[in-house]
1. Quick one: how many residues across segment 257-308 are assigned to a loop (DSSP other than H, G, I, E, B), among the aliphatic types (A, V, I, L, M) and surrounded by 13 or more Cβ atoms within 10 Å (Cβ to Cβ)?
2. Can you tell me which of (1) out of contact with any helix residue (DSSP H, G or I) (no Cβ under 9 Å at 6 or more places or on another chain); (2) without any contact (Cβ under 8 Å) to a residue 12 or more places away in the chain is the one SER30 doesn't meet?
3. Going through ASP243, ASP215 one at a time, which residue ends up being touching a strand residue (DSSP E or B) at 6+ places or on another chain (Cβ under 9 Å), surrounded by fewer than 20 Cβ atoms within 10 Å (Cβ to Cβ) and modelled with pLDDT of 90 or more?
4. Since SER235 meets every condition but one in (1) closer than 23 Å to ASN110 by Cβ; (2) buried (at least 18 other Cβ atoms within 10 Å of the Cβ); (3) among the small types (Gly, Ala, Ser), which condition does it not meet?
5. Let me spell it out: the conditions are (1) in contact (Cβ under 8 Å) with a residue 40 or more places away in the chain; (2) surrounded by 21 or more Cβ atoms within 10 Å (Cβ to Cβ); (3) not in a loop (DSSP other than H, G, I, E, B), and PRO36 meets all of them except one. Which number is the exception?
6. Residue check, GLY148 against (1) surrounded by 22 or more Cβ atoms within 10 Å (Cβ to Cβ); (2) over 19 Å from the mean Cα position of the chain (by Cα), all met but one. Which one?
7. Any idea which residue in segment 232-245 is nearest to the chain's Cα centre (by Cα), counting only those that are over 17 Å from ASN91 (Cα atoms) and in a helix (DSSP H, G or I)?
Amino acid sequence: MMDQKHMLKGWLPADLKTQPPSVTWMEFGSTPLTQPFFEDSVLKLRHGFPPAKELKTEIEAILETAGQLPAVTPDGLIFHVSRCGSTLVSNALRLGESTVVVSEADAITNLFVPYDASTIAYPLDHWSSLQAKLLDSLATIFAHYRTGRKERVIIKFASWNIFSWPVIRSVWPNVPCLILIRAPIEVMISNLSQSIGWMKHKTYPLDEQSVTQMDDVEYCARIIGKLCEAGIQLSDGHSRVLDYEYLNPSTIRDAAAFLGIQLPADDRLDRVLRVDAKDPRQRRVFNEDRQQKQQKATESMRRAVLQWASKPYAQLRERESRAKNVA
């Protein structure tokens, strides 16, 4: 195994497994994380010529590597309810000087796999402590990888990671965070059109025997409601709620300033907003689809949203409105 001293600069955990526990590292060098998702950057380097070097270690290598660097606290955290503009916001934040935006990196998101003997190789009491230390260490590693000197770090979590907010807040209680939301019916249409993790595995976070018998519409509505409920619990004086409906250059600049990041005054932000946020090549033109999604919604979808998601979503929007009034 490579000595940790050689991994203090240029190397990042590309993947993390909790059962059996291991970490796959990749040599990024000074390559910036310009892709919409961290996995896009991993794939680009893996398929490059020559492909980036990789090696596998035990999980504890993360702690050992970070322990040789000055500790870092992230400048901001991004939580979201899925398909709601969080990728657009994280792309915009990359315009900030000396800012590393870590977007849904597996090494971070996989720390929050629901605990079970089949998914986590450690006893619960040991894992709870190790989980927090790993999260803290990963922020430190991402902050130093490009130059060996500390840079700003923004961490964007996967949508389902919002259910683990108590663990994340126990590590970073005062770090400002953004909570991105969107009209539930629009989130539902997106997820039913292209299923993601929690749509494919009907076991979490609904702990009910009947969950596997639910149709996709009910299940999706209930999860969106749960995501919003977690957002309500997370929102405090160190958080700001931002609805997709109101995303524009002004609100994005305000959100960046809330995280302590000043975006450039030129037209670069406008260029970010003109392309599809999830296109790794950043060539596909952005297509506003809110009206199209609303038109696709069936009566059964609207009933499910009304029953399971409308109330918590409205409560989160109210918190956004209160923040605007205070400002």
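1. Residues in segment 257-308 being assigned to a loop (DSSP other than H, G, I, E, B), among the aliphatic types (A, V, I, L, M) and surrounded by 13 or more Cβ atoms within 10 Å (Cβ to Cβ): 5 in total.
2. (2)
3. Numbers: ASP215 fails: touching a strand residue (DSSP E or B) at 6+ places or on another chain (Cβ under 9 Å).
Within the list ASP243, ASP215, the selection yields ASP243.
4. Of (1) closer than 23 Å to ASN110 by Cβ; (2) buried (at least 18 other Cβ atoms within 10 Å of the Cβ); (3) among the small types (Gly, Ala, Ser), only one is false for SER235: (1).
5. (3)
6. If we test GLY148 against (1) surrounded by 22 or more Cβ atoms within 10 Å (Cβ to Cβ); (2) over 19 Å from the mean Cα position of the chain (by Cα), just (1) comes out false.
7. Among them, the one singled out is LEU234.
Okay, residues lined up against (1) more than 17 Å from the chain's Cα centre (by Cα); (2) assigned to a helix (DSSP H, G or I); (3) of a type in the set (Ser, Thr, Tyr):
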{"site": "ARG169", "(1), (2), (3)": "no, yes, no"}
{"site": "VAL175", "(1), (2), (3)": "no, no, no"}
{"site": "LEU227", "(1), (2), (3)": "no, yes, no"}
{"site": "SER250", "(1), (2), (3)": "yes, yes, yes"}
{"site": "ASP254", "(1), (2), (3)": "yes, yes, no"}
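The values are calculated or read from the model by the stated rules, or taken from the named source; none is laboratory data. Here the structure is a predicted model, which is why all the values come from computation and not from measurement. Positions of Cβ are backbone-derived with ideal geometry, glycine not excepted, and every protein chain shown enters the neighbour counts.
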